[in-house]
1. Local charge sum around Thr118 (other residues, Cβ-Cβ under 15 Å, Lys/Arg +1, Asp/Glu -1)?
2. Whats the longest run of the chain with zero GluC sites (Glu not before Pro) that are DSSP loop and have at most 11 other Cβ atoms within 10 Å?
3. Could you work out how far apart the two model spin labels at Lys16 and Glu190 are, taking each label as a point 7 Å from the Cα in the direction of the beta carbon, and quote it in nm?
4. Which of Ser158, Ser171, Ser77 ends up with the largest GNM mean-square fluctuation for the chain, with Cα atoms connected below 10 Å?
5. Could you state the principal axis extents of the C-alpha atoms in segment 102-144, from the largest down, to the nearest angstrom?
6. Take Thr109, project a point 7 Å from its Cα along the Cβ direction, then tell me which residues of segment 138-168 have their backbone nitrogen under 13 Å from it.
7. With a 1.4 Å probe and all protein chains left in place, how much of the accessible area of segment 1-158 comes from carbon and sulfur atoms, in whole percent?
8. Quick check: convex hull over the Cα atoms of the chain, volume per residue in Å³, rounded to an integer?
Amino acid sequence: MFTGIIEEIGTISSIKRGRVSASLVINAQLVNSDIKIGDSINTNGACLTVTNFTKNNFEVDVMAETIRKTNLDLLKSGSNVNLERALKLSDRLGGHMVSGHIDGTGTITQVFQEEIATWFTIKTEKDILKYIIKKGSVAIDGISLTIADLTESSFKVSIIPHTALKTTLLSKKAGDIVNIENDMTARYIENFILTGKEDISRDINMEFLKDNGFLD
């Protein structure tokens with residue numbers, strides 16, 4: 001489990017590619033300070049397991065399903081990635097609960113500046129957008145962000161200079177692909193409501209929520 005507060009920007013040192021999988025060696029300093037084989041490292045939003053490490057880098061395997069669901073296949077030697085170690089129970093939860101299980105990807109369609117804020121418009125699939133609400137949380141390339149606006153095909157987020165400095169997001173431009181993880185709470189609620197119902201295709205509306213005890 002993670003918080004979406006990026007600890008460090010790492011750099012891809014090398015990539016070993018299989019037919020549908022890969023192994024990444026990532027240069028890092030902070031996350032290497034107490035690293036162990038088997039540790040989970042959130043890498044551009046994807047929870048990956050450390051298989052080997054040295055003083056200055058660590059290695060992770062990326063299986064086919066992760067390749068299919070994320071932008072990790074677009075990485076190359078020299079690419080920068082957002083890194084976060086797994087959450088300790090004693091840590092402050094500065095972002096939101098992030099699992100590191102990517103739901104899919106989105107495409108940046110617009111980037112613009114508004115004084116100190118940098119805005120990003122991200123287009124994605126309806127299966128992802130249905131879990132996104134205004135002022136809700138989303139993880140973009142592992143970064144915990146707040147949804148500022150929403151349309152039928154895209155959503156907007158903005159970042160402050162500190163986030164720009166500590167993550168890779170400011171290096172992105174229109175046309176770039178980003179990893180998206182929805183707030184897991186929405187998925188659990190949907191599954192809880194629909195599981196066991198005779199007609200799982202029925203619409204979830206205000207009347208339905210009231211009938212099932214979610215509204216007074």
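The values are calculated or read from the model by the stated rules, or taken from the named source; none is laboratory data. Values in this document were obtained by computation on a predicted structure and should not be read as measured data. Every residue, glycine as well, gets a Cβ built from its backbone with ideal geometry; the counts of neighbours run over all protein chains shown. When the accessible area is computed, the model is the full protein with side chains, heavy atoms only, and any ligands, DNA or RNA have been set aside. Shrake-Rupley method; radii C 1.70, N 1.55, O 1.52, S 1.80 Å.
1. On the way: positive: Lys156, Lys166, Lys172, Lys173; negative: Glu114, Glu115, Asp141, Asp149, Asp176.
Charge balance near Thr118 sits at -1.
2. The reported range is 1-114.
3. Computed distance between label sites Lys16 and Glu190 equals 3.8 nm.
4. Of Ser158, Ser171, Ser77, the most mobile in the Gaussian network model is Ser171.
5. Rounded to whole Å, the extents work out to 32, 20, 19 Å.
6. It comes to 150-157, nothing else.
7. For segment 1-158, the apolar C and S fraction of the accessible surface comes to 50 percent.
8. Details: hull volume 33.6 nm³, N = 216.
It is 155 Å³ per residue.
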